[in-house]
Structure formats: structure tokens, C-alpha cells
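Chemist: My structure is below; once you've seen it, I'll send some questions.
The values are calculated or read from the model by the stated rules, or taken from the named source; none is laboratory data. From a predicted model like this one, the values you see are computed outputs, not experimental measurements. Methodologically, a virtual Cβ is constructed for each residue, glycine included, from the backbone with ideal geometry; neighbour enumeration extends over all protein chains shown. These area figures cover heavy atoms from the full protein model, side chains too; ligands, DNA and RNA do not enter into them. Shrake-Rupley method; radii C 1.70, N 1.55, O 1.52, S 1.80 Å.
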Amino acid sequence: MRDWSTDDDLWLRRLAIIAQLGRRADLDRDLLADVIEQNADDREFFIRKASGWALRDAARTDPEWVRAFVAAHELSPLSVREAAKHL
């Protein structure tokens, strides 16, 4: 996933970000942080939406981690809005 997160293909980068959707207690927070950080500056809508979606899903089981991650990173307004939907 880390290799995909830096690929030239935007769809592979998007897959790297959303690969852990639904993992709940098995979520690899370090991996999620790495793949989102690699793409935080990307201006592509689908990347921004995927970052927010992945964080929103993570917030279901670890809202404090998501709050801290969002506070510590410069994410697009779309990513932040999506991440915060269940906080």
C-alpha cells in the first residue's frame, strides 16, 4: 500500500488510502497515516474525498486518533469535512 500511495496512477493512490475501510479494530493507523500524508497536498478531488472517507471510517472505532490526526495535518477542507462527519 505504501508503494501504491506514491504511484503516478491516481486510482492506485486512491486504493492505497481506502484499502482499510471496514477494518475497524484491525485498522493499521500507521499505514493509514502514511498513505494519507503522502497524498495530503494532492489537489485531485478523488484523493481528497478518499482521505476524508478513510478517516471518517476510522473515527467509528478511534475518534480521538482521527481528531488528533486532523489537527496535526494540513488537509483539504473536503478531507476534514468528510473526516469529521461522525465526530
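Chemist: Keeping to region 24-41, report how many residues are crowded, with 18+ Cβ neighbours inside 10 Å and not in a helix (DSSP H, G or I).
Modeler: Residues flagged as crowded, with 18+ Cβ neighbours inside 10 Å and not in a helix (DSSP H, G or I) within region 24-41 amount to 1.
Chemist: Please tell me if residue 83 is open to solvent by less than 40 Å² (accessible area, probe 1.4 Å), more than 17 Å from residue 3 (Cα to Cα) and modelled with pLDDT of 95 or more.
Modeler: So residue 83 passes the test.
Chemist: Among the numbered criteria (1) open to solvent by less than 30 Å² (accessible area, probe 1.4 Å); (2) over 10 Å from the mean Cα position of the chain (by Cα), which single criterion is violated by residue 52?
Modeler: Failing condition for residue 52: (2).
Chemist: Next question. May I ask you to list pairs of residues, at least six apart or on different chains, whose Cβ atoms are under 7 Å apart, with the first in region 39-54 being closer than 10 Å to residue 83 by Cα and of a type in the set (Ser, Thr, Tyr) and the second being assigned to a helix (DSSP H, G or I) and open to solvent by less than 60 Å² (accessible area, probe 1.4 Å)?
Modeler: 51/17; 51/36; 51/39; 51/79
Chemist: Could you list, in sequence order, all residues of region 1-12 that are assigned to a loop (DSSP other than H, G, I, E, B) and touching an Asp or Glu at 6+ places or on another chain (Cβ under 9 Å)?
Modeler: Of everything in region 1-12, those that are assigned to a loop (DSSP other than H, G, I, E, B) and touching an Asp or Glu at 6+ places or on another chain (Cβ under 9 Å) turn out to be 1, 2.
Chemist: Only one of these is free of Cβ contacts under 8 Å to residues at least 12 places away in the same chain and either hydroxyl-bearing (Ser, Thr, Tyr) or open to solvent by less than 70 Å² (accessible area, probe 1.4 Å) (or both): 7, 57. Name it.
Modeler: Matching residue, one of 7, 57: 7.
Chemist: Being open to solvent by 40 Å² or more (accessible area, probe 1.4 Å), in a loop (DSSP other than H, G, I, E, B), modelled with pLDDT of 95 or more and not aromatic (Phe, Trp, Tyr) narrows it down to one residue among 15, 21; which is it?
Modeler: The match here is 21.
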